[in-house]
Amino acid sequence: MHIAFLTPEYPHRKTSHSGGMGTSIKNLVTRLIQKEHEVSVIVYGQERDEVFNELGIHYHLVSQKNYKIGGFYFYRKHIEKYINKHLKDVDLLEAPDWTGITAFMNLKTPLVIRFHGSDTYFCHIEKRAQKKKNKFFEFNAISKAQAFIAPTNYAGVTSIKLFNQSMELLKVIPYGLDLSQFVNNDISIYEPFTILNVGTIIRKKGVFQLVQVFEKVLEQFPQARLTFIGGDSNDVKTGATSTWKLIQGQTQAHVLEKINYLGKVPYAHVQNSIKNAHVCVFPSLAETLGMVTIESMAMGKAVVNTNIGWAKDLIKDGEDGYMHHPDDIDSYVSIICKLLGDKNEVTRIGRNAIKSVTAKFNIDDLVDENVKFYQSILES
């Protein structure tokens, strides 16, 4: 098959910043190429137009266009025209749900939408109002798809219900990891009392709750350190342009001096930070899966995660990680302090985490599930 992926992000030196969605697509693309499928990656919203081949992948960078009026419509039609003209031999196109990028498009290729996390989904999870324009775009885009893929059962079922689609069109296939890239030969070695959080500094990631947790952890372990890695973001609740500055303004000096915010760093640095962390903590309020959770587990880390919906597909509480609601501050404090003071428990959880991720999130297994589902769409 010739499979194309339309995406706003993809980890490559020629593209803009990429997050978990781009990483998950790259993991799948790499294995599809190894399985001798043909793959095209169309990355929109870029600084320039460029077409090139690399490692068997056909790349199409589509520059962002500015229009005096109606840019939301005309840019989508521009992408539609590009795909229909330059990718005529594609058997199937996969696109994300976010922003409804395929709204208004009349594509000549069967379309699969993967629920990476739409604005509709996140507004529902966070119980906040959604802009009518965003809702219109996403509903229009969803209506044009032949089928849907979701990384967790919770994300899939919730999205299908929100968009009034048939459950029969949904396939749950987790994001896969290239486990050879997440090797930790001795999980008993780490920097003691280090707590790590990786992800955008944004309210929905539970960063404010984590700072509250850390303040209480310091009462029992004053030598503890908290590190944030990820880009800063505006705050939907207050309208502030920097969530990190909000945190700084709300946090006592003696706590703040033990928090290290690194901002965006190269991925190799992120992996090294995960490997060195004593405990990884992700009290997120809104995800579809959370790549950094399974990446940390793959490296044998003791992870304290959210317990909302999607997380139940990732962790079995008390066996290969821990789960609590982000607002349950005391439970987070209790389990983090337990892990900081019990090396045997850290090792036990880490070993089980590696086994769990290997069994459920190995891209070598999951690529076949994706291919089988793509084929079923083409045969229907």
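Readers should treat all values here as calculations from the given coordinates under stated rules, not as data from a laboratory. Just so it is clear, the model here is predicted, and its values are computed rather than measured. All Cβ positions, glycine included, derive from the backbone under ideal geometry; neighbour counts span all protein chains shown.
Selection among 73, 113, 86 by position relative to the dipole of segment 48-116 gives 73 as farthest towards the positive end (Cβ unit charges, Cα centre).
Between residue 359 and residue 77, residue separation times 0.36 nm minus the direct Cα-Cα distance comes to 97.3 nm. Which one of 326, 304, 200 is farthest out on the positive end of the charge dipole of segment 179-360, using unit charges on Cβ (Lys, Arg +1; Asp, Glu -1) and the Cα centre as origin? Comparing the listed Cα positions along the dipole, 200 ranks first. By the beta-carbon count within 10 Å of each Cβ, the least crowded to most crowded order of 243, 238, 200, fewest first, is 238, 200, 243. Taking a straight line from the alpha carbon of residue 131, these lysines sit under 18 Å away, with near neighbours fewer than eight places off in the same chain left out: 204, 237. Taking GluC sites (Glu not before Pro) as exposed when DSSP calls them loop and at most 13 other C-beta atoms lie within 10 angstrom, the chain has its longest site-free stretch at 48-256. With a cut-off of 15 Å between beta carbons, the residues surrounding residue 1 carry a summed charge of -4, where Lys and Arg count +1 and Asp and Glu -1.
Taking Cα centre as origin and charging only the Cβ of basic (Lys, Arg, +1) and acidic (Asp, Glu, -1) residues, the dipole magnitude of the chain rounds to 1120 debye.
For segment 151-278, the alpha carbon convex hull comes to 154 Å³ per residue, rounded to a whole number. From the alpha carbon centroid of segment 353-380 to that of segment 172-250 is 29 Å. Ignoring lysines fewer than eight residues from residue 68 along the same chain, the ones with Cα atoms less than 17 angstrom from its Cα are 77. Counting other Cβ atoms within 10 Å as a rough exposure proxy, the listed residues 105, 299 run 105, 299 from fewest neighbours to most. Considering only beta bridges that DSSP places wholly inside the chain, some 10 percent are antiparallel. Taking the empirical scaling 2.2 N^0.38 Å for compact globular proteins as reference, segment 1-141 has a Cα radius of gyration ratio of 1.04.
Translational diffusion of segment 179-360, estimated by Stokes-Einstein from the Kirkwood radius over alpha carbon pairs at 25 °C in a medium of 0.890 mPa s, is 152 µm² per second. For segment 174-205, backbone nitrogen atoms closer than 15 Å to the point 7 Å from residue 240 Cα along Cα-to-C-beta are found at 201-205.
Once the C-beta distance of residue 379 and residue 255 is scaled by a Förster radius of 51 Å, the resulting FRET efficiency is 0.30 to the nearest 0.05. Taking label positions 7 Å along the Cα-Cβ direction at both residue 49 and residue 331, the computed distance is 5.3 nm, reported to one decimal. Annotation: the residues 21, 297, 167, 1, sorted from fewest to most other C-beta atoms within 10 Å of their own C-beta, follow the order 167, 1, 21, 297.
Ignoring trypsin sites (Lys or Arg not before Pro) that are buried or in helix or strand per DSSP, and keeping those with at most 14 other beta carbon atoms within 10 Å, what is the longest stretch of the chain between them?
No qualifying site falls inside 132-236, the longest such stretch.
Exceedance of the 29 Å cut-off in Cα-Cα distance is limited, within the set 65/132; 35/65; 275/360; 14/301, to 35/65; 14/301.
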